[in-house]
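Structure first, commentary second.
The values are calculated or read from the model by the stated rules, or taken from the named source; none is laboratory data. Keep in mind the model is a prediction, meaning the values are calculated, not measured. Here Cβ is always computed from backbone atoms with ideal geometry, including for glycine, and neighbour counts include all displayed protein chains. Areas reflect the complete protein model, heavy atoms only, side chains present, ligands, DNA and RNA absent. Shrake-Rupley method; radii C 1.70, N 1.55, O 1.52, S 1.80 Å.
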Amino acid sequence: GGKFFMGDTGEGRELFGADLAEELIARGRALRLTKDDILATGLEITVEGLRRHLLPILHKDRRIDKLYLTGGGIHNSFLLERLQQVLTPCRVAGISELGFDPDLVEASAYAVMGHACLRSEPLPTQFGRRTHGLQPVSGRIVQPPVRLKQT
């Protein structure tokens, strides 16, 4: 069977950050939800976002039968259980099954990207054949423009 590695969806704090968390908490409080219910809702939003992104990939390439996760979410057993439920028959597991530390994999990726950013070096990315039939994705990590203060 095929394998698909998932570190993140390409959408991060700019979409799933403090603003969304604050909105979720405010709406939950307005509805008089418990903290546990608010946390469960946040988890379900995460699961639904991943499901929407991953199902088209899994349907396009039926050879993918395992999804290996990295990063902090791997430590949340309920998240893993929910992902398994919504992505069946694909098996969801931690990359540790392959002998890799899931936290180290994510930290290493951020270290490489951070090093490139600190040196203001573009970090080209190319995911050609590994996209499983999807359009290749290309990108660069670059520094934001410098804005000089006017005095």
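A compact table of results
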| quantity | calculated |
| --- | --- |
| Selection count, the stretch 70-86, where residues are hydrophobic (A, V, I, L, M, F, W, C), open to solvent by less than 60 Å² (accessible area, probe 1.4 Å) and touching a residue at least 24 places away in the same chain (Cβ under 8 Å) | 4 |
| Residue in the stretch 47-69 that is on the phi > 0 side of the Ramachandran plot, in a loop (DSSP other than H, G, I, E, B) and in contact (Cβ under 8 Å) with a residue 40 or more places away in the chain present | no |
| Subset of the stretch 87-114 [open to solvent by 70 Å² or more (accessible area, probe 1.4 Å) and modelled with pLDDT under 90] | 110, 112 |
| The stretch 66-79, residues that are in contact with a strand residue (DSSP E or B) (Cβ under 6 Å, 6 or more places away or on another chain) and of a type outside the set (Lys, Arg) | 67, 68, 69, 74 |
